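Q: First the structure, then my questions, so here it is.
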Amino acid sequence: MQFFDVVIIGAGPAGLKCAEKLGNSSLKVLLLEKNDEIGPKVCAGGLTGKGIEYLGLPPQLIEYSYNQVKLHVNNIASTLKSDTDFAFTIDRKKFGQWQLQKIKAFPNIEIRISSKATVVNKDFIVVGGEKIGFKYLVGADGSNSIVKTFLGLKSRRKIIGIQYIISTNKYQDFEIFFQPEYFSAWYAWIFPHRSYISVGCGADPKHVSPKKLKENFHQWLNDRQIDISKGKYEAFPMDADYNGIRFDNIFLTGDVAGLVSPFTGEGIYQALISGEETAKTILNPSYISDKMPAVIHKHKRHQQLINLMIKSGRLKSLFFATGQQLFKIPKYEKKAIELFG
């Protein structure tokens with residue numbers, strides 16, 4: 001049986017960042033990716049300012065950047081604007097490949113693609129019939145994580161995202177649409193990329209069933225006369241049920257840890273931070289993170305906001321409309337941008 005100090009299941013943003021931070025250490029690390037390519041991910045491809053600042057992305061990887069967002073509440077539009085850019089779009093394949101290049105030169109890291117873990121235990125996993133032992137295991141394998149299943153953690157709060165990828169340059173604005181009759185407490189979006197747009201929506205299936213959400217989304221697209229005839233339909237789950245990061249010698253990161261924002265659906269930044277902080281803890285067991293508390297605090301704030309909107313019932317439209325009016329006041333506009341970021 002092969003043995004590694006650290007096995008990372010999943011080569012998304014969290015797994016790649018964890019591997020990067022473990023690079024050139026004395027630890028023998030195995031990074032596993034079930035797909036045959038690292039990078040592609042069904043995702044709207046949005047990043048906030050703090051994510052861009054943290055990553056130090058090369059300019060060529062940023063497709064669009066915005067210092068304003070068009071906010072629509074029941075077909076009434078307004079604009080949130082900042083002095084600096086706070087919303088960005090990236091291509092997930094290029095982003096993943098950029099992360100991958102940063103770790104390929106590390107001699108202590110072995111990368112295996114097309115390698116799906118089928119069994120997880122407290123000190124070994126099974127991949128393609130091969131038993132692999134470990135000292136530490138890092139779950140970075142998305143919302144349907146086999147690592148999370150082994151730990152017996154059930155997700156009570158999953159968000160379903162659906163979108164169409166449409167090749168067009170017709171839309172140039174970063175837009176968010178709050179329309180409770182269709183999306184309850186959540187929203188629809190238009191995120192422009194260089195050669196296409198992501199137009200999508202999300203909601204908690206406990207409040208809007210996936211079938212109903214799809215029906216509502218198609219009605220909304222029809223209302224706005226958005227042509228999806230040549231678009232590619234995609235659906236993806238996002239885990240927003242935070243249960244913790246460390247479970248003895250097993251760590252959870254990003255989506256697996258339930259760190260996706262239950263309000264905005266943002267998850268890339270949280271994945272990166274949790275991947276880095278996990279690596280630092282493995283390298284130094286006495287390490288106390290100075291970044292994770294802020295990530296967890298914001299997650300709780302977003303959950304409180306969603307709970308408030310859900311409890312508002314039929315008053316959701318009034319809730320959103322009131323917020324839209326408040327955001328015209330500079331200090332509240334700034335707070336709204338901070339909330340999204």
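The values are calculated or read from the model by the stated rules, or taken from the named source; none is laboratory data. The structure displayed is predicted, hence computed values, not measured ones. Cβ placement follows ideal geometry from the backbone for every residue including glycine, while neighbour counts extend to all protein chains displayed. These accessible areas exclude ligands, DNA and RNA; they are computed on the full protein's heavy atoms, side chains included. Shrake-Rupley method; radii C 1.70, N 1.55, O 1.52, S 1.80 Å.
Q: In region 143-174, what residues are closer than 30 Å to I228 by Cβ and not in a loop (DSSP other than H, G, I, E, B)?
A: Narrowing region 143-174 to residues closer than 30 Å to I228 by Cβ: 143-144, 155, 157-174.
Answer for region 143-174, where residues must be closer than 30 Å to I228 by Cβ and not in a loop (DSSP other than H, G, I, E, B): K158, I159, I160, G161, I162, Q163, Y164, I165, I166.
Every residue, every condition in (1) over 17 Å from the mean Cα position of the chain (by Cα); (2) surrounded by fewer than 18 Cβ atoms within 10 Å (Cβ to Cβ); (3) within 21 Å of W186 (Cβ to Cβ), yes or no:
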| position | (1), (2), (3) |
| --- | --- |
| D36 | yes, yes, no |
| G51 | no, no, yes |
| Y54 | no, yes, no |
| P59 | yes, yes, no |
| Q68 | yes, yes, no |
| N74 | yes, yes, yes |
| S82 | yes, no, no |
| A87 | no, no, yes |
| F95 | no, no, no |
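Q: A further question follows. Check K316, K311, K328 and return the single one that is farther than 23 Å from G267 by Cβ, in contact (Cβ under 8 Å) with a residue 12 or more places away in the chain and loosely packed, with under 13 Cβ neighbours inside 10 Å. Break it down into steps so the answer makes sense when it comes.
A: Values: K316 fails: loosely packed, with under 13 Cβ neighbours inside 10 Å; K311 fails: in contact (Cβ under 8 Å) with a residue 12 or more places away in the chain.
From the options K316, K311, K328, the qualifying one is K328.
Q: To continue, here is another question. Please work out which residue is nearest to K148 (Cα to Cα), limiting yourself to region 229-242 and to residues that are open to solvent by 40 Å² or more (accessible area, probe 1.4 Å) and outside any strand (DSSP E or B).
A: By that ranking, first place goes to Y242.
Q: Output the residues belonging to region 196-214 that are among the charged types (D, E, K, R) and either modelled with pLDDT under 95 or in contact with an Asp or Glu (Cβ under 6 Å, 6 or more places away or on another chain) (or both). It would help to see each step written out before you state the result.
A: Filtering region 196-214 down to residues among the charged types (D, E, K, R) leaves 204, 206, 211-212, 214.
Hits for region 196-214 are D204, K206.
Q: Right, something else. Return yes or no: is D290 in contact with a strand residue (DSSP E or B) (Cβ under 6 Å, 6 or more places away or on another chain), modelled with pLDDT under 95 and not hydroxyl-bearing (S, T, Y)?
A: Numbers: in contact with a strand residue (DSSP E or B) (Cβ under 6 Å, 6 or more places away or on another chain): no; modelled with pLDDT under 95: yes; not hydroxyl-bearing (S, T, Y): yes.
So D290 does not fit the description; no.
Q: Same structure, new question: So R301 passes all but one of these: (1) assigned to a helix (DSSP H, G or I); (2) touching a Phe, Trp or Tyr at 6+ places or on another chain (Cβ under 6 Å). Which condition number does it fail?
A: (2)
Q: Kindly check whether there is at least one residue in region 178-200 that is small (G, A, S), farther than 16 Å from N75 by Cα and in contact with a Gly (Cβ under 7 Å, 6 or more places away or on another chain).
A: Scanning region 178-200 turns up at least one residue that is small (G, A, S), farther than 16 Å from N75 by Cα and in contact with a Gly (Cβ under 7 Å, 6 or more places away or on another chain).
Q: Residue check, N243 against (1) in contact (Cβ under 8 Å) with a residue 24 or more places away in the chain; (2) within 26 Å of F88 (Cα to Cα); (3) out of contact with any Cys (no Cβ under 9 Å at 6 or more places or on another chain), all met but one. Which one?
A: (2)
Q: Within region 289-296, can one find any residue that is open to solvent by 40 Å² or more (accessible area, probe 1.4 Å), part of a helix (DSSP H, G or I), over 20 Å from A188 (Cα atoms) and not polar (S, T, N, Q)? Spell out how you get there, then give the answer.
A: The first filter runs over region 289-296 and keeps only residues open to solvent by 40 Å² or more (accessible area, probe 1.4 Å), leaving 290-291, 293-294.
Narrowing the set further to residues that are part of a helix (DSSP H, G or I) leaves 293-294.
Still in the running and over 20 Å from A188 (Cα atoms): 293-294.
Applying the additional criterion that residues be not polar (S, T, N, Q) yields 293-294.
Yes, because at least one residue in region 289-296 is open to solvent by 40 Å² or more (accessible area, probe 1.4 Å), part of a helix (DSSP H, G or I), over 20 Å from A188 (Cα atoms) and not polar (S, T, N, Q).
Q: Something else: What are the residues in region 280-305 that are hydrophobic (A, V, I, L, M, F, W, C) and farther than 18 Å from G51 by Cβ, if any?
A: If we filter region 280-305 for residues that are hydrophobic (A, V, I, L, M, F, W, C), which is where we start, we get 282-283, 288, 292, 294-296, 305.
Passing the criteria: I282, L283, I288, L305.
Q: Now, a different point. Name the strands (runs of 3 or more DSSP E) wholly within region 37-142 that hold at least 3 residues that are at pLDDT 90 or above? If you could, list the steps in order and put the result at the bottom.
A: On the way: elements: 46-48, 62-66, 68-73, 76-81, 87-90, 109-112, 117-120, 124-127, 130-139.
It comes to 62-66, 68-73, 76-81, 87-90, 109-112, 117-120, 124-127, 130-139.
Q: Here are T48, T79: which of them is polar (S, T, N, Q) and without any contact (Cβ under 8 Å) to a residue 24 or more places away in the chain?
A: Going through T48, T79 in turn, the sole match is T79.
Q: For region 51-72, which residues satisfy the criterion of being in contact (Cβ under 8 Å) with a residue 60 or more places away in the chain and closer than 17 Å to L339 by Cα? Don't jump to the end; show me each part of the working.
A: Pass one, region 51-72, residues in contact (Cβ under 8 Å) with a residue 60 or more places away in the chain: 51, 54-55, 63-64, 66, 68-72.
The answer is G51, Y66, Q68, V69, K70, L71, H72.
Q: When you go through (1) of a type outside the set (K, R); (2) open to solvent by 70 Å² or more (accessible area, probe 1.4 Å); (3) free of Cβ contacts under 8 Å to residues at least 60 places away in the same chain one by one for N144, which number turns out not to apply?
A: Checking N144 against (1) of a type outside the set (K, R); (2) open to solvent by 70 Å² or more (accessible area, probe 1.4 Å); (3) free of Cβ contacts under 8 Å to residues at least 60 places away in the same chain, the one that fails is (3).
To keep it simple, each residue is scored yes or no on (1) touching a Gly at 6+ places or on another chain (Cβ under 7 Å); (2) closer than 23 Å to P205 by Cα; (3) basic (K, R); (4) surrounded by 15 or more Cβ atoms within 10 Å (Cβ to Cβ).
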| residue | (1), (2), (3), (4) |
| --- | --- |
| G254 | yes, yes, no, yes |
| F263 | no, yes, no, yes |
| Q304 | no, yes, no, no |
| F320 | no, yes, no, yes |
